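One structure below.
The values are calculated or read from the model by the stated rules, or taken from the named source; none is laboratory data. Values in this document were obtained by computation on a predicted structure and should not be read as measured data. Don't worry about glycine lacking a Cβ; one is built from the backbone with ideal geometry, like all the others, and counts go over all protein chains shown.
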Amino acid sequence: MGKSKEERIKKLKKKRIWPSVVGLILILCVFGIVMASALGLSGMDIVQRKLMDSSRKSVKVAELFADYSSETEEKIEQTVLAHIDILEEIEAVSVIDKDKKPVWSSGDEYPVMDDNIKMEFLPGITEEEIRVIIAEDKSQVFTLDDGKIIVNQEALENIFSESEFDVAMPFTQLKLWLVIPVNGLRVMVLNNIPIYFQDFMMMGICILLCALLISIFVIYYLISIISMVSSVRRTTKIIYTDMVTGGDNWLSFIKKGTKLLKKGRGHRKYAMVHLEMRKYRSFCTCFGVNKGQELIEKFYAALKKEMKRHEVMAHQENAEFGLLLVYTENAQLEERIQRLENILNAVLPGMKVYFGVGVYWVSPGESDVEQVYNNAMIACEMLGEEAENKIAFFDVEMNNQKLWERKVEDDMDRALLNREFQVYLQPKISTLDERLGGAEALVRWIHPTEGFIPPNRFIPIFEKNGFILKLDDYMLEEIARVQAAWLAEGRKLVPISVNVSRAHFTREDLAEHICAIVDKYQVPHSMIELELTESAFFDDKKVLLNTVQKLRAAGFPVSMDDFGAGYSSLNSLKELQIDVLKIDADFFRGADVEERGLLIVSEVIDLAKKLNMKIVAEGIESKEQVDFLTEQECDLIQGYFYAKPMPVAEFVQKYDS
Ligand code: C2E
Ligand code: CA
Ligand code: CA
């Protein structure tokens, strides 16, 4: 699979789930941090505000001692006690002098001033500062830093969590002594700050709203992530599902196959098998495309059942399947393939289906499934299209043939432009006087690097890819040009035949097309003979009959090439009126059948004569054959006995009369 294709598929599958997950985590983190700090800050703020409020009140109370003396003592005492009564936060007041001797106290309470605390808080106190002595039990809640009261959040949270919820009751009380230096005295005010849940009501509502918001976000994200995951799953499934069989598709085959080949390297022998049903298109024509697809589905199911561990198979296209099979021995694999064919045959009871199978033995270390499958396909292609059960095993020669086909196709256009195709002429000799009676134009490719290439190495390829149409036109034009030149030089012309491939008979204006080419050179039509093969009959018969009629009406002799080779039928002679019958060389080959062949030849000649046709015998190599044909009154003989096809110049030299 190409890199870019792989990338595209990966992109399709990885449908951006990670950004969502990361987004969700980020959102949660950000919310968490914001919430925690908001909570912390606002919690601390509430406590701190209460604390500041209470310390302001404490300072006010402490300031009452500003003019403390024995005279004012009583008045101050009353005022202070009244303050203590009224102010919820202030519980007690004690006053000590510089030497820490008690001066006055609202009760028995004094701060615990053990040495440690003193050490910690008292040294270096400036007169103006309010200092805090922290009550023993809550000492962890507050610390003092540079004159400010700092609330320890963690300790505060502990208090919250340990407290029992009761809106009316304070869930905790923060007790602390504030030490306020006043007029050389130290006024110590015991603050007892009650903290209610109510104090945190607004904050609680905010927390709830935020939590709700976060939940909505989280739910939304979770839903979108879940739907994304399922859509990725669906996409992945679609990517790897074959639309005809509903099973694994080709992509999946390549993926799984590559894995298997890599894993099985060294300890499992693999064979890649290309299996195709013959005449699938005809089946669809007869029974409909839907039935055809149903059939493929059934084939797939049947084959799938036969797959073992470490094997994989998939539908490719039409009625073609790829199977990556484990084998132990070649014969065992062959047997297994035959069994698979039988199983597939059982899918269609009462109907015989045929399969073409191409096998490629995968070498250890090979893991390019597409390449390997291509080789299996090449092997199968070599079998042709016949309706037979056949297995072909890939060999290097097949690959060479494919490479050759590629080369031919790459070079053909350039070759035509560069006039690399050359006309060779093979004489047809008259049996009457052994003189030149005609010739056949045969093409040769003089390739700049490959050298001389005979037509059997490229004509079949051109017939497959359609280039034969251009080549035949070229040959026809070359012959028209040669004949025109000879005519101009005053030479006596003989009819030269050109081959008209069956591919031409798809165009209805073929006769006009041929006329146009020949007429460019003003050559008499009778001097250009057109050879067509019977196989053209298998295509559009109407076009063939029409074209032949028009060509003959225009004065072109028409001959039937290779009569007797392949699917020859006398019937075609009945329908097709032609001028020349070219008897195929096959009749004269093979000693054991020669006698029967000659008998048929003599009958065919007889028949052709009665139908008013001229006879040309092809591929004649011996004197005996010439004598026999002369005796049978065959008109012309073409064969190595007289001459091989030769370049035009040589032909002129040899047969110039
Ligand atoms: P074909 O049209 O039947 O041409 C006759 C073939 O038999 C030629 O092979 C010729 O060289 C060969 N031949 C002639 N006498 C003898 C003989 O005594 N013994 C043997 N063994 N062979 C003999 P060639 O030139 O190799 O052409 C092969 C085929 O390629 C032709 O068969 C024809 O079907 C095709 N072909 C050649 N040139 C063209 C062309 O320009 N257009 C088309 N469409 N086909 C062409
Ligand atoms: Ca021919
Ligand atoms: Ca022939």
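Any idea how many residues of segment 392-441 are part of a loop (DSSP other than H, G, I, E, B), over 50 Å from the mean Cα position of the chain (by Cα) and of a type in the set (Asp, Glu)? Break it down stepwise before answering.
Filtering segment 392-441 for residues part of a loop (DSSP other than H, G, I, E, B) gives 394-395, 418-420, 431-435.
Those left that are additionally over 50 Å from the mean Cα position of the chain (by Cα): 431-435.
Now narrow it down to the ones that are of a type in the set (Asp, Glu): 433-434.
Number satisfying all stated conditions: 2.
Would you list the helices (runs of 4 or more DSSP H) that sit entirely within segment 203-310 and hold 1 or more residues that are in contact (Cβ under 8 Å) with a residue 60 or more places away in the chain and of a type outside the set (A, V, I, L, M, F, W, C)?
In segment 203-310, 250-263 are the helices (runs of 4 or more DSSP H) which contain 1 or more residues that are in contact (Cβ under 8 Å) with a residue 60 or more places away in the chain and of a type outside the set (A, V, I, L, M, F, W, C).
Does residue 446 satisfy being β-branched (Val, Ile, Thr), part of a helix (DSSP H, G or I) and not assigned by TED's automatic domain parsing to the domain that holds residue 381?
It is false that residue 446 is β-branched (Val, Ile, Thr), part of a helix (DSSP H, G or I) and not assigned by TED's automatic domain parsing to the domain that holds residue 381.
Is it true that residue 489 is modelled with pLDDT of 90 or more and within 16 Å of ligand 2 (Cβ to nearest atom)?
In short, no.
Just to be sure I understand the filter: pairs with C-beta atoms under 7 Å, separated by 6 or more residues or on different chains, first member in segment 594-623 and within 14 Å of residue 578 (Cα to Cα), second member in a helix (DSSP H, G or I) and away from ligand 2 (no atom under 16 Å from the Cβ). Which pairs pass?
611/573; 615/605; 615/608
Going by the structure shown, is residue 559 within 16 Å of ligand 1 (Cβ to nearest atom) and touching a residue at least 24 places away in the same chain (Cβ under 8 Å)?
Considered against the rule, which asks whether it is within 16 Å of ligand 1 (Cβ to nearest atom) and touching a residue at least 24 places away in the same chain (Cβ under 8 Å), residue 559 comes out as yes.
So residue 434 ticks every box in (1) within 30 Å of residue 631 (Cα to Cα); (2) surrounded by fewer than 20 Cβ atoms within 10 Å (Cβ to Cβ); (3) more than 10 Å from ligand 1 (Cβ to nearest atom); (4) in contact (Cβ under 8 Å) with a residue 24 or more places away in the chain but one. Which box is left unticked?
The one condition residue 434 does not meet is (4).
Answer yes or no: is there a residue in segment 587-596 that is at pLDDT 95 or above and within 12 Å of ligand 1 (Cβ to nearest atom).
no
Before we move on, is residue 526 surrounded by fewer than 20 Cβ atoms within 10 Å (Cβ to Cβ) and within 13 Å of ligand 1 (Cβ to nearest atom)?
No.
Across segment 315-362, what is the number of residues that are under 25 Å from the mean Cα position of the chain (by Cα) and either modelled with pLDDT under 90 or in a loop (DSSP other than H, G, I, E, B) (or both)? Before the answer, list the steps.
Of the residues in segment 315-362, the ones under 25 Å from the mean Cα position of the chain (by Cα) are 315-325, 358-360, 362.
Applying the additional criterion that residues be either modelled with pLDDT under 90 or in a loop (DSSP other than H, G, I, E, B) (or both) yields 316-319, 362.
Here the count works out to 5.
Given the structure, is residue 425 within 16 Å of ligand 3 (Cβ to nearest atom) and out of contact with any Leu (no Cβ under 7 Å at 6 or more places or on another chain)?
yes
For segment 386-396, state whether one or more residues are crowded, with 18+ Cβ neighbours inside 10 Å, free of Cβ contacts under 8 Å to residues at least 60 places away in the same chain, farther than 21 Å from residue 250 by Cβ and among the β-branched types (Val, Ile, Thr).
The answer is yes; a qualifying residue exists.
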